[in-house]
Amino acid sequence: MKSRMILGALALLIQTAVAGSASAQHPVEVQRLAASGDYFVALTTFERMPKRVATTQSVMAAARSAWALGLSSRAIEEFDRALRDEKLAPEDQARIYLSKGIIEFQEGRYQVAALHSEKCVETLNAMEGAGPNPLRAKAYLLWGDSLSKLNSLGDAEQKYVQALDDAASDDQPQINFSLGKCRAQIGKYEQARENFELVPLNHELTADTIRNLASLALDTGKISSATFWLQRGRSEYPDSFLDSWVDYALVKSAISENNLPVVREIRAGAAKKYPPSDQWLILLQAAAEEFEWSKRAAESKEGQP
């Protein structure tokens, strides 16, 4: 409801600005304003401009401005208008398909996003002398993300691999991260670990990568490795490792190492930090309780004559 009110207010402001000025602006001004991040002014300037004056580049600038303002439907409308230009360069067509795909993905329409990604790839492949292209890598990445959301993990893996073939160095960490998550889900644990470890240190994805490496190590029984990643995460990225899953994972690690004092310490600390209804706390308590009983049973058996 709140987002609809915001969008409605933006639309009203645009209409008010249009009504308040009858002066026509040059199409280049729309492009300049959009490029400088003045999206609202760019869109109002475009609205004031007669449609016969608008160029395809100014239409694309208006579409990007509407997108930046959260006006997704308006952005798609203007992108579609630009696509109707028969003289539009193939690379610009591909960029529009990618932009529309990202918007559809953000709106949760993953099947449509996948179709736009495919159109982007097909357009770039049809260009004469087409070689490695970072734009195609972005399209393959979006295609893979869309297929992952649709639970078509095998096909998604293929798209991520194709994305790496075209990717610029700046895009490789995101692709490796997405590919690692996909491969972990389909049981390719060693390959997933290799992909995660290709995400560089001090990247915006590093904290999430460490969580995935810890989870992967737990799932594959590599307890010492899981402990290492969990402790490193809490040490270097404390704000990202405050949740109860981390304590649960550390308890599972301590249980595997038969370390009762550490289990008790983590359990006591977790009980103070999280509400009793917390899902991971409940699982932590159950695992710790079971471990305590098994230890007591073992000690009682040893003490019998």
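Could you identify the single residue in L98, L83, L71 that is modelled with pLDDT of 90 or more, under 16 Å from L142 (Cβ atoms) and open to solvent by 10 Å² or more (accessible area, probe 1.4 Å)?
One residue alone meets the criteria, L98.
Just to verify a result, which residue in the range 49-61, among those that are of a type in the set (G, A, S) and at pLDDT below 90, is least open to solvent (accessible area, probe 1.4 Å)? Walk me through how you get there before you give the answer.
Narrowing the range 49-61 to residues of a type in the set (G, A, S): 54, 58, 61.
Remaining after also requiring at pLDDT below 90: 54, 58.
On the way: A54: 25, S58: 0 Å².
That would be S58.
Of all residues in the range 164-188, count the ones that are surrounded by fewer than 16 Cβ atoms within 10 Å (Cβ to Cβ) and over 17 Å from N133 (Cα atoms).
Going through the range 164-188, the residues surrounded by fewer than 16 Cβ atoms within 10 Å (Cβ to Cβ) turn out to be 165, 168-170, 185-187.
Remaining after also requiring over 17 Å from N133 (Cα atoms): 185-187.
Residues flagged as surrounded by fewer than 16 Cβ atoms within 10 Å (Cβ to Cβ) and over 17 Å from N133 (Cα atoms) within the range 164-188 amount to 3.
In the set V121, V161, V199, only one residue is at pLDDT 95 or above, assigned to a helix (DSSP H, G or I), of a type in the set (V, I, T) and under 30 Å from A226 (Cβ atoms); that residue is V161. Within the option set L71, L135, being touching a helix residue (DSSP H, G or I) at 6+ places or on another chain (Cβ under 9 Å) and over 30 Å from G154 (Cβ atoms) holds for one residue only, L71.
When K295, K252 are checked against the criterion of being over 21 Å from A214 (Cα atoms), of a type in the set (K, R) and either part of a helix (DSSP H, G or I) or more than 26 Å from the chain's Cα centre (by Cα) (or both), a single residue qualifies: K295. Exactly one residue out of S169, S225 is at pLDDT below 95, out of contact with any strand residue (DSSP E or B) (no Cβ under 9 Å at 6 or more places or on another chain) and within 30 Å of I255 (Cα to Cα): that is S225. Of the residues Y160, Y189, Y140, the single one that is out of contact with any His (no Cβ under 7 Å at 6 or more places or on another chain) and more than 27 Å from D92 (Cα to Cα) is Y189.
The values are calculated or read from the model by the stated rules, or taken from the named source; none is laboratory data. Note that the structure is predicted; figures quoted are calculated from it, not measured. Cβ sites come from the backbone with ideal geometry, for glycine too, and all protein chains shown count toward neighbours. Remember, those area values only see protein heavy atoms, side chains included, never the ligands or the DNA or RNA. Shrake-Rupley method; radii C 1.70, N 1.55, O 1.52, S 1.80 Å.
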